[in-house]
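Asks: Handing you a structure now.
The values are calculated or read from the model by the stated rules, or taken from the named source; none is laboratory data. Everything quoted here is computed from the prediction, not taken from an experiment. Quick reminder, even Gly has a Cβ in these numbers, built from the backbone with ideal geometry, and neighbours come from all protein chains shown. Just so you know, the surface numbers come from the protein's heavy atoms only, side chains and all, with ligands and any DNA or RNA stripped out. Shrake-Rupley method; radii C 1.70, N 1.55, O 1.52, S 1.80 Å.
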Amino acid sequence: MWDCEKCTFINFNTDAKECEMCFSSKYQVGSIQNPIVLDDEKVRTDNHFKRRKMDDSKTVTINEECFNQLIPNYNGTVVMTKVHNSKSKFTFKNLVEKSKLKKAFFSAFCIDDDWLFNQLPNDISVCIARPKPNDVESNVTNITITPKISFVFPTLKPMQYGCMHVKLMLLWYPEFLRVVVPSANLTEYCWNTIENIVFYQDFRKADSSRELSEFGTDLKNLLVDMKVPSLVVGALNGYDFSNALGKLIVSKPGWHKQSQLELFGHLRLKRVVSTLGLNLTNSMLTLQSSSMGGLNKKWCMEMCKSLTNTAEETNRINVLFPTEETVLKSFIGPENAETICFQSKYWKSSFPKEYLRDCKSKCNGALMHAKTILVHQSRYLHDIVDRGIQFIPTGDQDAHGYFYCGSHNASQAAWGLRCIVRQEDCLKIHNWELGIVLKFRAGGSFQIPYQYPPPEYKSTDKPWV
């Protein structure tokens, strides 16, 4: 053990590079400086929405007696989080059972450490991937906080700017591993105030020598690329991912070409769609987003081709983003809408305004922090609206479309921009992102979470900025 010269705190971890007490004080959420971001996240130098006392009328009160049992979910599911007056009862505590959780990995753009660790047992190992604060040296990729707590800072190199935006939870329980792909950050605001979407599935233990399936391999590759410690990566080997309900979509900062061209971003999405066995000609395409970048028609048509795995350029694409009126009339009000992001400079003549539709949650008055994509042929529209959808394994043939949920917002930074660099086809991506693609058929318990078909912008409407 050793004494800190600055604060005299006694540190028991001889391998730690910095005093535990000094580090904890420096990296409280309120003092972390935000990284440079592109398009789809506002730069904040304070903790205005990360850690704020909310009006009690705007925050959900949870009955903790509802969460005294850990119920495995081996088939996988998608749920909306509970907000004021919603039908959903799903909260963070449905995922994390403190008395049984053995270890955990988390990744998010915004993290309230105090709130998060209050949800967890005191004695487990926790690894957290997060954006690198500006005052951490450029060559530092991870830091040990205590013997059981470590931070990982995935690099944005070779890009000059971008965003570490991956939302992911890996929760190890005695009988299974829970994989969670949410749109929510690790803050009380995201889980109790604004509406988010969550995919999660539990995976049984398997022989550690068993080869990982595609889903397990994709998950492992993501962790390796993010420079997550090998002990965390290796802990995936003892689980059977062969029954994974969907396929992962990863975005990684960089100029991706040749063999890596279709591994990330919207070209990864195109490759996955090509394996689903769906006829997507003349389809309806809906991108729902809580943040929006500087879109143009060329990029929207590029996305259309990937969304349908065709050469088709269609005007059937809708981009859902709330109007100013929708935000002003929401029950949390504009003062709590900081995660709904769009910069006014993008609202110019080249912006494809004809694609915009209002994003109105089916939970009347709620604002959505979810990020989703819905693709299906128009002939299934009424069935989907009237009967909901049922998610099915990607190998099933009787499907009517596919659904994406995750962290990708509607921006080139998140999904990538195809370009030619030194006479080579290339996909330029600035952000770390993660989501999952799920096949569905009409007729099921999951309802499209926003008003669908979405209402058009009126002539007087403007997007919330």
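Asks: Just the residues that are closer than 30 Å to GLU325 by Cα and either modelled with pLDDT under 95 or in contact with a Lys or Arg (Cβ under 8 Å, 6 or more places away or on another chain) (or both), please, taken from the stretch 413-444.
Replies: Across the stretch 413-444, the qualifying residue is only GLY435.
Asks: Among (1) in contact with a helix residue (DSSP H, G or I) (Cβ under 9 Å, 6 or more places away or on another chain); (2) touching a residue at least 60 places away in the same chain (Cβ under 8 Å), which single condition is PRO352 missing?
Replies: Against the list (1) in contact with a helix residue (DSSP H, G or I) (Cβ under 9 Å, 6 or more places away or on another chain); (2) touching a residue at least 60 places away in the same chain (Cβ under 8 Å), PRO352 comes up short only on (2).
Asks: Mind checking which residues of the stretch 174-199 are within 17 Å of ALA104 (Cα to Cα), buried (at least 22 other Cβ atoms within 10 Å of the Cβ) and not hydrophobic (A, V, I, L, M, F, W, C)?
Replies: Selection gives PRO182, ASN185, THR187.
Asks: Condition first: touching a Ser or Thr at 6+ places or on another chain (Cβ under 7 Å), open to solvent by 10 Å² or more (accessible area, probe 1.4 Å), of a type outside the set (S, T, N, Q) and not in a strand (DSSP E or B). Can you find one or more residues in the stretch 271-289 that meet it?
Replies: Checking the stretch 271-289: not a single residue is touching a Ser or Thr at 6+ places or on another chain (Cβ under 7 Å), open to solvent by 10 Å² or more (accessible area, probe 1.4 Å), of a type outside the set (S, T, N, Q) and not in a strand (DSSP E or B).
Asks: Can you find a residue in the stretch 95-108 that is open to solvent by 20 Å² or more (accessible area, probe 1.4 Å), under 26 Å from THR372 (Cα atoms), at pLDDT 95 or above and in contact with a helix residue (DSSP H, G or I) (Cβ under 8 Å, 6 or more places away or on another chain)? Don't jump to the end; show me each part of the working.
Replies: Here is the first cut: in the stretch 95-108, the residues open to solvent by 20 Å² or more (accessible area, probe 1.4 Å) are 97-100, 102-103.
Then drop every residue that is not under 26 Å from THR372 (Cα atoms), which leaves none.
No, there is no match, as no residue in the stretch 95-108 is open to solvent by 20 Å² or more (accessible area, probe 1.4 Å), under 26 Å from THR372 (Cα atoms), at pLDDT 95 or above and in contact with a helix residue (DSSP H, G or I) (Cβ under 8 Å, 6 or more places away or on another chain).
Asks: Among the numbered criteria (1) part of a loop (DSSP other than H, G, I, E, B); (2) within 15 Å of the chain's Cα centre (by Cα), which one does TYR200 miss?
Replies: Of everything listed in (1) part of a loop (DSSP other than H, G, I, E, B); (2) within 15 Å of the chain's Cα centre (by Cα), TYR200 misses just condition (1).
Asks: Being assigned to a loop (DSSP other than H, G, I, E, B), in contact with a helix residue (DSSP H, G or I) (Cβ under 9 Å, 6 or more places away or on another chain), modelled with pLDDT under 95 and of a type in the set (A, V, I, L, M), is that true of even one residue in the stretch 229-246?
Replies: Scanning the stretch 229-246, I find no residue that is assigned to a loop (DSSP other than H, G, I, E, B), in contact with a helix residue (DSSP H, G or I) (Cβ under 9 Å, 6 or more places away or on another chain), modelled with pLDDT under 95 and of a type in the set (A, V, I, L, M), so the answer is no.
Asks: Also: Of everything in the stretch 290-308, what is over 30 Å from ILE194 (Cβ atoms) and open to solvent by less than 60 Å² (accessible area, probe 1.4 Å)? Give them in sequence order.
Replies: MET301, THR308
Asks: Which residues, taken from the stretch 113-155, are open to solvent by less than 40 Å² (accessible area, probe 1.4 Å), under 27 Å from TRP191 (Cα atoms) and part of a loop (DSSP other than H, G, I, E, B)?
Replies: GLN119, LEU120, PRO121, ILE124, ARG130, PRO131, PRO133, PHE153, PRO154
Asks: Here's a follow-up. Starting from the stretch 85-105, take each residue that is touching a residue at least 60 places away in the same chain (Cβ under 8 Å) and list its partners that are of a type in the set (Gly, Ala, Ser), counting only C-beta distances under 6 angstrom and pairs at least six apart or across chains.
Replies: LYS103/SER125
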